[in-house]
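Enquirer: Starting off with a structure, shown below.
Nothing in this text is a laboratory measurement; each read-out follows from the coordinates by a stated rule. Just so it is clear, the model here is predicted, and its values are computed rather than measured. Positions of Cβ are generated from backbone atoms using ideal geometry, with glycine treated the same way; all protein chains shown enter the neighbour counts.
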Amino acid sequence: MSTNVMEKFGRFHDHWSPKIIAELNGQQIKLAKIKGEFVWHDHAEEDELFLIYRGILHLDFRDRETVTLHPGELYVVPRGVEHRPRTDQGEEVWLMLMEPATTKHTGAVKTEMTVEKYEWI
């Protein structure tokens with residue numbers, strides 16, 4: 001079964017709430033729309049891949065320089081590395097995440113932004 005990623009992006013409008021579009025080998029492929037700053041967090045046991053479809057994403061790190069990603073670019077945040085995704089003021093970014101199904105949205109950090117259960121679209 002094929003999946004049209006852009007059609008899936010058209011199905012939701014909320015920010016910071018990833019939606020699952022596929023699973024394979026214990027990994028989930030998620031889409032998210034983000035705007036503003038997220039919380040500082042890490043994933044102690046899992047790497048996390050960010051692939052940008054629209055907009056410019058900044059990944060801030062406590063132990064290294066910020067990485068800036070443009071459409072078509074990807075970056076893998078290694079397990080255990082504290083990071084904070086953010087966008088330029090007022091800009092919405094569309095991205096794909098690939099990570100193990102066991103990955104918690106904000107790692108060990110719990111905030112009002114934390115998603116406990118992901119929606120399938």
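Enquirer: Could you give the size of the charge dipole of the chain about its Cα centre, using +1 on the Cβ of each K and R and -1 on the Cβ of each D and E, expressed in debye and rounded to the nearest 20?
Expert: Dipole size: approximately 280 debye.
Enquirer: Could you run the Karplus curve 6.51 cos²θ - 1.76 cosθ + 1.60 with θ = phi - 60° over the stretch 72-77 and give me ³J(HN,Hα) per residue in whole Hz, x for Gly and Pro?
Expert: x, 9, 9, 8, 9, 8
Enquirer: Name the longest site-free stretch of the chain, where the excluded sites are trypsin sites (Lys or Arg not before Pro) in a DSSP loop with no more than 11 other beta-carbon atoms within 10 Å.
Expert: No qualifying site falls inside 65-116, the longest such stretch.
Enquirer: Say the dipole of the stretch 5-120 comes from +1 at the beta carbon of Lys and Arg and -1 at that of Asp and Glu; which of Phe38, Pro100, Ile21 then lies farthest toward its positive end?
Expert: Ile21
Enquirer: While we're looking at this one, here's another question. Would you list which lysines come within 19 Å of Lys33, measuring only between C-alpha atoms, while excluding same-chain residues fewer than 8 positions from it?
Expert: Lys8, Lys19, Lys104, Lys117
Enquirer: Provide the net charge surrounding Ala101, with neighbours chosen by a C-beta distance below 13 Å and charges set as Lys +1, Arg +1, Asp -1, Glu -1.
Expert: That works out to -2.
Enquirer: In addition: Check which residues have an amide H placed less than 5 Å from His43's amide H, if you skip close sequence neighbours.
Expert: Sorted by chain and number, the residues that satisfy this are Gly80, Val81.
Enquirer: Averaging sequence separations of C-alpha pairs under 8 Å and six or more residues apart, then dividing by the length of the stretch 5-120, give the relative contact order as a whole percent.
Expert: Contact order relative to length: 34 percent.
Enquirer: Additional query: Which of the listed residues, Gly90, Tyr118, Asn4, is farthest toward the dipole's positive end in the chain, when Lys, Arg count +1 and Asp, Glu count -1 at the beta-carbon?
Expert: Highest projection toward the positive end goes to Asn4.
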